[in-house]
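**Student:** Shown below is the structure under consideration.
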Amino acid sequence: MDVFLHRLPLFFDQHALLVLAFAGLLLALLVTEVMQLRRGWNEATPATVTRLLNRDNALLIDLSPRADFEKGHIPGARNVAMEQFDPEHKDLAKVKDMPVIVCCRSGVTSQRAAQKLVKAGFKNVHSLAGGLAAWRQADLPVVKGKA
């Protein structure tokens with residue numbers, strides 16, 4: 001170990017670009033992790049969503065447009081268009097302490113909705129990572145028609 005520590009400065013001198021690249025990647029990783037911890041909501045895999053729905057009786061909100069929702073959605077999902085999504089609505093205010101899962105087609109819109117829920121005081125917010133596409137890729141059931 002003593003030899004290693006004595007050769008370390010020599011390694012840094014001979015491989016400065018490599019050391020700088022490593023430090024940059026490490027810093028980027030740390031910043032990303034801190035940002036994920038501070039955002040207040042979690043990305044959920046299809047398996048996590050299934051567990052939340054079955055064990056914790058979570059509320060599932062699908063933000064897809066009505067036509068897409070009727071073509072296929074997760075069983076038990078409630079459809080709310082993103083334009084009409086209001087975390088301060090009286091119906092949602094009743095479930096602030098329950099797990100709430102938001103999903104959309106690809107997972108991008110649901111991240112914005114999750115952030116709105118956190119700002120409104122919801123404590124247990126999840127966004128389906130990859131959206132309905134990830135749900136289908138996991139070969140989980142999808143129902144058609146109105147909720």
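**Student:** Tell me the residue from G40, G121, G145 that is within 16 Å of the chain's Cα centre (by Cα), in a loop (DSSP other than H, G, I, E, B) and small (G, A, S), please.
**Tutor:** On the way: G121 fails: within 16 Å of the chain's Cα centre (by Cα); G145 fails: within 16 Å of the chain's Cα centre (by Cα).
Of the residues listed, the single one that is within 16 Å of the chain's Cα centre (by Cα), in a loop (DSSP other than H, G, I, E, B) and small (G, A, S) is G40.
**Student:** Of all residues in the range 102-118, count the ones that are assigned to a helix (DSSP H, G or I) and either basic (K, R) or within 11 Å of the chain's Cα centre (by Cα) (or both). Before the answer, list the steps.
**Tutor:** Within the range 102-118, the subset assigned to a helix (DSSP H, G or I) is 108-118.
Okay, now just the ones that are also either basic (K, R) or within 11 Å of the chain's Cα centre (by Cα) (or both), so 108-116.
Here the count works out to 9.
**Student:** Check L29, L60, L52, L92 and return the single one that is of a type in the set (A, V, I, L, M), open to solvent by 40 Å² or more (accessible area, probe 1.4 Å) and not in a loop (DSSP other than H, G, I, E, B). If you could, list the steps in order and put the result at the bottom.
**Tutor:** Working: L60 fails: open to solvent by 40 Å² or more (accessible area, probe 1.4 Å); L52 fails: open to solvent by 40 Å² or more (accessible area, probe 1.4 Å); L92 fails: open to solvent by 40 Å² or more (accessible area, probe 1.4 Å).
The conditions single out L29.
**Student:** Pairs please, first residue from the range 46-63 and closer than 12 Å to G131 by Cα, second anywhere and at pLDDT below 95 and among the aromatic types (F, W, Y), Cβ atoms under 8 Å, 6+ apart in sequence or on different chains.
**Tutor:** Partner pairs satisfying both residue conditions: I61/F85; D62/F69; L63/F85.
**Student:** Please determine, by comparing only the residues of the range 1-43 that are of a type in the set (V, I, T) and more than 30 Å from C103 (Cα to Cα), which one is modelled with the lowest pLDDT.
**Tutor:** If we filter the range 1-43 for residues that are of a type in the set (V, I, T), which is where we start, we get 3, 19, 31-32, 34.
So of that shortlist, the ones also more than 30 Å from C103 (Cα to Cα) come out as 3, 19.
Numbers: V3: 86, V19: 91.
Checked the range 1-43; the qualifying residue modelled with the lowest pLDDT is V3.
**Student:** Is there a residue being over 16 Å from G131 (Cα atoms), open to solvent by 70 Å² or more (accessible area, probe 1.4 Å) and either of a type in the set (D, E, K, R) or at pLDDT 90 or above (or both) anywhere in the range 106-115?
**Tutor:** no
**Student:** Taking P75, is it touching a residue at least 24 places away in the same chain (Cβ under 8 Å), surrounded by fewer than 13 Cβ atoms within 10 Å (Cβ to Cβ) and either outside any helix (DSSP H, G or I) or not basic (K, R) (or both)? Spell out the reasoning first.
**Tutor:** Numbers: touching a residue at least 24 places away in the same chain (Cβ under 8 Å): yes; surrounded by fewer than 13 Cβ atoms within 10 Å (Cβ to Cβ): yes; either outside any helix (DSSP H, G or I) or not basic (K, R) (or both): yes.
Here the answer is yes, as P75 does meet what is asked.
The values are calculated or read from the model by the stated rules, or taken from the named source; none is laboratory data. This is a predicted model, so every value here is computed, not measured. Note: ideal-geometry Cβ built from the backbone for every residue, glycine included; neighbour counts use all protein chains shown. Note: accessible area is taken over every heavy atom of the protein model, side chains too, but ligands, DNA and RNA are not part of it. Shrake-Rupley method; radii C 1.70, N 1.55, O 1.52, S 1.80 Å.
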